1. For the range 1-84, run through the chymotrypsin sites (Phe, Trp or Tyr not before Pro) and keep only the ones in DSSP coil with at most 14 other Cβ atoms within 10 Å of their Cβ.
2. Please list the non-local residues whose amide H lies under 5 Å from the amide H of ILE142, H modeled 1.01 Å from N, same-chain partners needing a gap of 5 or more.
3. Among the trypsin sites (Lys or Arg not before Pro) in the range 86-187, which ones are in a DSSP loop with at most 16 other Cβ atoms within 10 Å of the Cβ? Mind listing them?
4. In the neighborhood of ALA34, defined by Cβ-to-Cβ distances under 9 Å, what is the net charge if each Lys or Arg adds +1 and each Asp or Glu adds -1?
5. With all protein chains present, how much of the accessible area of the chain (probe radius 1.4 Å) comes from carbon and sulfur, to the nearest whole percent?
6. Name the residues of the range 121-139 whose amide N is less than 20 Å from a point 7 angstrom out from the Cα of GLN20 along the C-beta direction?
7. Between beta-carbons, use under 10 Å as the cut-off and find the net charge around LEU17, counting Lys and Arg +1, Asp and Glu -1.
8. Which aspartates and glutamates does LYS62 reach when only Cα atoms under 16 Å apart count, and residues fewer than 8 places away in its own chain are ignored?
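The values are calculated or read from the model by the stated rules, or taken from the named source; none is laboratory data. Because the structure is a prediction, the values reported are computed rather than measured. For neighbour counting, all protein chains shown are included, and Cβ atoms are generated from backbone atoms with ideal geometry for every residue, glycine included. The protein model used for the area step is the full one, side chains on, heavy atoms only, and it has no ligands, DNA or RNA in it. Shrake-Rupley method; radii C 1.70, N 1.55, O 1.52, S 1.80 Å.
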Amino acid sequence: MDNKNTTKISKYLSYILRHQPQSIGLTLDKKGWANIDELIAKTTDFSLSLSTIQYVVETNDKQRFALSENATKIRANQGHSLEIDLALTAQQPPAVLYHGTAKHFVVSIQEHGLKKQNRHHVHLSQHKDVANSVGARHGKPIIFKLRTAAMIQDGFIFYQSDNNVWLTDLVPAKYLQLVEEEQNGHL
Ligand code: HQG
């Protein structure tokens with residue numbers, strides 16, 4: 001399968017499994033799992049097979065999806081807007097975490113902190129280059145560095161998704177430090 005097709009299917013699965021399963025009449029269970037046979041049957045815009053799904057899951061650049069042990073079910077590892085329970089457990093985060101965003105959000109973030117917006121959590125990364133590409137999805141990328149040690153001391157809780165995205169409920173502005181643009185240029 002070529003890259004274009006793989007990306008198209010990955011985007012489709014993200015949309016269905018994170019946001020709008022009802023758009024094809026699919027229901028996810030409480031933990032976000034979809035029955036694969038049902039997903040295939042209800043995908044009518046193009047032809048989807050189990051082997052295609054397995055290929056997309058295995059080769060996905062961010063490991064966005066997981067298959068159940070017997071490959072009868074699939075779910076997204078993170079990024080949902082739907083109310084589902086991923087059963088995440090609290091984890092000790094690395095000393096430094098980054099959040100990539102766009103320049104036009106900076107003033108609002110500095111005033112209100114990082115909010116989860118439509119998703120379950122604020123998404124954070126251990127790596128600056130990943131944060132940079134996350135930010136670039138929204139415009140000119142800008143990176144915030146988090147004072148995670150101070151947050152832990154103040155009782156904030158962090159989770160890590162199965163595909164290594166760090167998550168938390170909110171990040172008040174006082175824990176955020178803007179990484180200077182000159183530094184961004186040397187990722
Ligand atoms: C911003 C992708 C104004 C926030 C990525 C972000 C990630 C504020 C945008 C995952 C704000 C929300 C999530 C405030 C936050 N004022 N703007 N107070 N607080 N924002 O897409 O983190 O490819 O929901 O900075 O790689 O960009 O889909 O979140 O710019 O891991 O697998 O509001 O999605 O993964 O945007 O991305 P998003 P995100 P996938």
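1. Numbers: sites: TYR12, TYR15, TRP33, PHE46, TYR55, PHE65; in loops: TRP33, PHE46.
Those that pass, being in a loop and sparsely packed, are PHE46.
2. THR101, ALA102, LYS103
3. Values: sites: LYS103, LYS115, LYS116, ARG119, LYS128, ARG137, LYS145, ARG147, LYS174; in loops: LYS115, LYS116, ARG119, ARG137.
Those satisfying the criteria are LYS115, LYS116, ARG119, ARG137.
4. Details: positive: LYS73, ARG75; negative: ASP29, GLU38.
Around ALA34, the surrounding residues sum to 0.
5. Working: 5040 of 10580 Å².
About 48 percent, which is the carbon plus sulfur part of the accessible surface.
6. The answer is 138.
7. Numbers: positive: ARG18, ARG64, ARG75; negative: none.
That works out to +3.
8. List returned: ASP129, ASP162.
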